[in-house]
Each structure stands twice: as structure tokens, then as C-alpha cells.
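Everything on this sheet refers to the single structure shown next.
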Amino acid sequence: MSKFLNDFKEFAMRGNVLDLAVGVIIGAAFGKIVSSLVDNILMPLIGIVTGGIDFSGLTAQVGDAKINYGLFIQNTIDFIIIAFCVFLIVKAFAKMTRKKEEKTDPTPEPSNEEKLLGEIRDLLKNK
């Protein structure tokens, strides 16, 4: 049993597990931001454009079963809006990161020919 606990401790103390935990926590917080953006900003604007259509009340009765297909439609629309928002955020972040990399891009490594010419120059200079 002691080996099992040691193996578990080794697994739990790996950097990957800690990175994953941080990712999950940050992801949950980011999910709240995106949900708030969709619920509080985008959906009211979309509601104005669509005349306030709400699919969540659409149902069908099949025997004793009540099928809430409207909730499925509403959740699908919400997913598409959220996915689009996340896409825009990731695209903007990638663009910012790309510009930052371009600014910090060091001078390119000299070619082999340039290196060789530099060595020849240094040898001639030393003679």
C-alpha cells in the first residue's frame, strides 16, 4: 500500500497535474466571462434584431412524454454564439501575440557563407 501512495504522490506532484489544475480553474473563470458576454450583451442585441424570439418554450407531447425540443434549439444557438465569441477572442489574442513576436524578433542568424566570410576576414586581420 505504501508503494501505491508513493506512486500517487509522485503523480500528483508532477508539473503537468498542476498545469492542468490551473488551466481548469482559469477555464472556468473564462467561461463565466464568455457566458456573461453572451447573456448580458449579445443576446439582448440579438433579441432586438430577431424580435425577441425564444425557442425554449417549444415542446411536443408524445404519449406521456414531454419533448422540449425548443430547449435543444435554444442551447444550440447559444453554443454557436459562444463558440463564435471564443473564436473572436482567440483570434484577437493570436494577433496580439503575433505582433509582439514580430517586435521582439531578433536579427536573423547569419548564413554559413556569411560566417565563413567573417572567419576569413578575422584571419586576414590577425596576420
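Details
- Applying the criterion of at least 1 residues that are touching a Pro at 6+ places or on another chain (Cβ under 6 Å) to the helices (runs of 4 or more DSSP H) found wholly in the range 12-127 leaves an empty list.
- Residue match in the range 55-74 (condition: closer than 30 Å to G31 by Cα, out of contact with any Gly (no Cβ under 6 Å at 6 or more places or on another chain) and open to solvent by 100 Å² or more (accessible area, probe 1.4 Å)): yes
- Of the listed requirements (1) closer than 18 Å to F30 by Cβ; (2) exposed (fewer than 10 other Cβ atoms within 10 Å of the Cβ), V90 misses just one: (2).
The values are calculated or read from the model by the stated rules, or taken from the named source; none is laboratory data. Predicted, not measured: the structure shown is a model, and the values here were computed from it. Using ideal geometry, Cβ is built from the backbone for each residue, glycine included, and neighbour counts are taken over all protein chains shown. To get the accessible areas, we keep the full protein, side chains included, count just its heavy atoms, and leave off ligands, DNA and RNA. Shrake-Rupley method; radii C 1.70, N 1.55, O 1.52, S 1.80 Å.
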